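Q: For reference, the structure I am asking about is given below.
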Amino acid sequence: MFKHFINLEWKSAFRDPNIGKSIGVKIFMGFLGLCLLLMFLGTGLSLYPALNKLFPDADPLLVVNNFIFYWILGDLMFRFFFQKLPVMSVMPLLTLPIKRHKIVNYVLGKSTLSFFNFLPLFIIIPFGITLIYKDYPVNSVLAWMLALIIYTQINNFLNFIIESFSSKTDLAFLPLTITSGVLYTLEYFGIISFSNILSNAFNAIYKNPILICVLIAILIVVYYINFRILRKKLFLDASLKNKVIEVNTSNLEWTKNFGDIAPFMQLDLKLIWRNKRSKSTVWMLLLGLCYGLFFYPQPTYIDKPWFFIFIGIFSTGIFLMNFGQFIPAWDSSYYKMLMSQNIKYERYLESKFMLMAMSVVIMFVLGVPYVYFGWKILLAHFAAAIYNIGVNTHVIMYGGSFNRKKINLDQKAAFNYQGTGAVQWLIGIPLMIIPAVIFGIFYAIFSFEIGCLVMGLIGVIGIIFHQKLMLFITKKYLESKYKMIDAFNQDN
Amino acid sequence: MITTSNLSKKYKDNKVLLIDALEIPKGQSFGLVGNNGAGKTTYFSLLLDLIQPTTGHIVNNEVQVNKSEDWKPFTSAFIDESFLIGYLTAEEYFYFIGELREQNKADVDKLVAQFEDFFHGEILGQKKYLRDLSKGNQKKAGIVAALIGNPEVIILDEPFANLDPTTQIRLKEIIKDLAEKQGTTVLISSHDLMHITDVCERIVVLEKGEIVKDLKTSEATLKELEVHFTGMDVL
């Protein structure tokens, strides 16, 4: 039976209509994965000598055990954001004579082979071998290694349990972040020392390998809980069919002030607010707003004014970039309809422009308190905001005319690469780097103020030529109309 | 009203549509039948300028559709669910289409009110997004949206599929009414020979992209179509 499942998945992977198109993304991800593996391997090999150097009086193994708590917490966070629930299109299988528990066991079994479970091995195994080489008792070290490997699997299943409870909400990352934060705080202030508890546990396993049974028991329990959760989901009315939520309609009367782009603005606002994928662009606003706080309080950055413009572009333009990079793919699921309707394409794009420009203004205004760190920061943000409105909005919309990837609005956004192609990677260059370079040149030759002035002027020029630029961009979109319709028609 | 000349569509070497000449006069209810892959949806897509013809062109009310966009104000269509905006409620969708077609809310409300029986109380005031409606109800919303703004040409691809019997009967009345009383040109395609002979004054049979029959509907038409399609099976 499992042979059939594997066969099906193989076919679905290699007969994916997008296999050719998304190969770039895959190579990139593969490259990242390889880098991670090498980093882990390096850590694993150098861990023992490094610890010996850092803590000459302590047993490296005990030091590692002391840090296991942080490792587990970090691993869990990492998994939560990057590891996807094991999925398989089960709908067509439900009516076939296959026992449900087989499907569930297969899906869960598959997840144990995840990349994320192999990653820690690259630290655990080299470190373990070093220990054996250094004349630690072989049996104990093997038990310790096994214990960590089992713990990786426990984390694997624990993550799915957490996800299955939190994935229904928009702020899925909050519960885990808060829990980890609380655990960390308790630890930090020494109220409850989880790192001690865990390190004692692993020390105990090291001394008395039979205790590994406890971990195995935990593994069985989390597996069983997962089994129960997944099995319940294998009914049409559970998860396969979407839950219907009552909707609140709002008529967004205020958009009427924008005249004939009002219908599109209303549509865009509803699009953003009512779909999982697009809603994340709103939460990103928060990140953009706080972005400066990561840097400005640090004296390292406060002396480097050229850095301000970079943060300014990013912070005021975060919505512009997140939303803009998927124009017009946001509307991909009904693009055919739009194209057969009596719409003025220019109005359609103008609405997106207004939204992005408004977001830049709002982000700038909300960011005014940064003046606390110096008026130069405010000036840089102001210049960056004007540059964003005048130049980057147009650049990103022009980039959109090369967009050929459909987006499924209902999927969750974090680390979802659907709809991401070369355009999305390349567009970052003109958006972020060019302004930094322009500013850098004028800053180096003249002064900070002149640099800001030039940025602002370029932005103003962009705003003056807005109509002309829009005509040009609209033409580009119309030229690629048939290609877009065809591409958006293909299911991913 | 709609003149098709020398129209063909090829994908690589695969010819999917070849229509030398087809003239659809104003106010005609025009039916397109054919087996899967006969080219019905391709023809409608060409008519809506969603794909480019390999050769030839379609002229809709003196506007060549792949050259100018001026056919859009008087033409409307519902091809499939991708014409719906899933995250809107039915009312919001109607108002949106209404705004694109320069109809205010009152106009849209008035039009939609005529179809209350068609909706069976399952579309309006539901507080549900279109994506959460059943396939049949989605179709109903899409069809009614295509009627907003008094279009002169209405294109419906397989309007009867997925609808319940009551709605099918009501839809037939609506289509007949549009063509006969309001002078609207209605183009529909269907796999259901009975429905299409009921509704359409003229039926064209497509086979592998070409017109093989062009019939004015009479009492004998249904029989003739049935013979045609069973005959093909035998061959």
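The values are calculated or read from the model by the stated rules, or taken from the named source; none is laboratory data. Please read all numbers here as calculations on a predicted model, not as lab measurements. Because the Cβ atoms are built from the backbone with ideal geometry, glycine has one as well, and the counts that use them run over all protein chains shown.
Q: Return yes when residue B:217 is farther than 30 Å from residue B:81 by Cβ and over 13 Å from the mean Cα position of the chain (by Cα) and no when it is not. Give the steps one after another, and end with the answer.
A: Details: farther than 30 Å from residue B:81 by Cβ: no; over 13 Å from the mean Cα position of the chain (by Cα): yes.
It is false that residue B:217 is farther than 30 Å from residue B:81 by Cβ and over 13 Å from the mean Cα position of the chain (by Cα).
Residues checked against (1) within 22 Å of residue B:185 (Cβ to Cβ); (2) out of contact with any Gly (no Cβ under 8 Å at 6 or more places or on another chain):
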{"residue": "B:71", "(1), (2)": "yes, yes"}
{"residue": "B:87", "(1), (2)": "no, yes"}
{"residue": "B:101", "(1), (2)": "yes, no"}
{"residue": "B:104", "(1), (2)": "no, no"}
{"residue": "B:110", "(1), (2)": "no, yes"}
{"residue": "B:127", "(1), (2)": "no, yes"}
{"residue": "B:133", "(1), (2)": "no, yes"}
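Q: For segment A:115-232, please list each of the helices (runs of 4 or more DSSP H) lying entirely inside it that holds at least 3 residues being polar (S, T, N, Q), in the same structural domain as residue A:59 (by TED's automatic domain parsing) and surrounded by 15 or more Cβ atoms within 10 Å (Cβ to Cβ).
A: Output list reads A:138-166, A:194-207.
Q: Can you list the helices (runs of 4 or more DSSP H) lying wholly within segment B:77-133 that have 2 or more residues being modelled with pLDDT of 90 or more and either at negative phi or at the interface with chain A (Cβ under 8 Å from one of its Cβ atoms) (or both)?
A: Numbers: elements: B:90-100, B:105-113, B:116-119.
Per the criteria, B:90-100, B:105-113.
Q: Within the bounds of segment A:385-403, is there any residue that is crowded, with 22+ Cβ neighbours inside 10 Å, within 14 Å of chain B (Cβ to nearest Cβ), within 30 Å of residue B:101 (Cα to Cα) and not small (Gly, Ala, Ser)?
A: no
Q: Considering only segment A:309-331, I want to know if a residue exists there that is over 26 Å from the mean Cα position of the chain (by Cα) and of a type in the set (S, T, N, Q).
A: So far as segment A:309-331 goes, no, none of its residues is over 26 Å from the mean Cα position of the chain (by Cα) and of a type in the set (S, T, N, Q).
Q: Now for a separate question. Criterion first (within 20 Å of the chain's Cα centre (by Cα), facing chain A (nearest Cβ under 9 Å) and not charged (D, E, K, R)) does residue B:18 satisfy it? Walk me through it before giving the result.
A: On the way: within 20 Å of the chain's Cα centre (by Cα): yes; facing chain A (nearest Cβ under 9 Å): no; not charged (D, E, K, R): yes.
So residue B:18 does not fit the description; no.
Q: Which of the following residues is more than 14 Å from chain B (Cβ to nearest Cβ) and modelled with pLDDT of 85 or more: A:217, A:204?
A: One residue alone meets the criteria, A:217.
Q: From the residues in segment B:134-153 that are assigned to a helix (DSSP H, G or I) and either among the charged types (D, E, K, R) or on the phi > 0 side of the Ramachandran plot (or both), which one is surrounded by the fewest Cβ atoms within 10 Å (Cβ to Cβ)? Don't jump to the end; show me each part of the working.
A: So in segment B:134-153, the residues assigned to a helix (DSSP H, G or I) come out as B:135-145.
When the remaining residues are screened for being either among the charged types (D, E, K, R) or on the phi > 0 side of the Ramachandran plot (or both), the result is B:135, B:139-140.
Working: B:135: 11, B:139: 24, B:140: 27.
So the residue we want is B:135.
Q: Looking at residue B:46 and the list (1) crowded, with 22+ Cβ neighbours inside 10 Å; (2) in contact (Cβ under 8 Å) with a residue 60 or more places away in the chain; (3) not in a strand (DSSP E or B), which single condition is not satisfied?
A: Evaluating residue B:46 over (1) crowded, with 22+ Cβ neighbours inside 10 Å; (2) in contact (Cβ under 8 Å) with a residue 60 or more places away in the chain; (3) not in a strand (DSSP E or B) leaves (2) as the failure.
Q: Inside segment A:331-346, can you point out the residues that are in contact with a Gly (Cβ under 9 Å, 6 or more places away or on another chain) and either more than 7 Å from every other protein chain (Cβ to nearest Cβ) or outside any helix (DSSP H, G or I) (or both)?
A: Hits for segment A:331-346 are A:332, A:342.
Q: Filter segment A:242-281 for residues that are at pLDDT 80 or above and of a type in the set (Val, Ile, Thr) and give the result.
A: Matches in segment A:242-281: A:261, A:272.
Q: If you don't mind, there's one more thing I want to ask. Taking the condition facing chain A (nearest Cβ under 10 Å) and either of a type outside the set (Asp, Glu) or touching a residue at least 12 places away in the same chain (Cβ under 8 Å) (or both), does residue B:56 pass?
A: So residue B:56 fails the test.
Q: A further question on this structure: Tally time: how many residues in segment B:51-76 are in contact with a Leu (Cβ under 6 Å, 6 or more places away or on another chain) and not in a strand (DSSP E or B)?
A: Restricting attention to segment B:51-76, the residues satisfying the condition of being in contact with a Leu (Cβ under 6 Å, 6 or more places away or on another chain) are B:53, B:56, B:58.
If we keep only those that are not in a strand (DSSP E or B) as well, we get B:53.
Summing the residues that are in contact with a Leu (Cβ under 6 Å, 6 or more places away or on another chain) and not in a strand (DSSP E or B) in segment B:51-76 gives 1.
Q: Could you grab the pairs with beta carbons closer than 6 Å, sequence gap of 6+ or different chains, first residue in segment A:274-290 and more than 14 Å from chain B (Cβ to nearest Cβ) and in a helix (DSSP H, G or I), second one surrounded by fewer than 18 Cβ atoms within 10 Å (Cβ to Cβ) and at pLDDT 80 or above?
A: As it stands, the answer is A:289/A:366, since those pairs meet every condition given.
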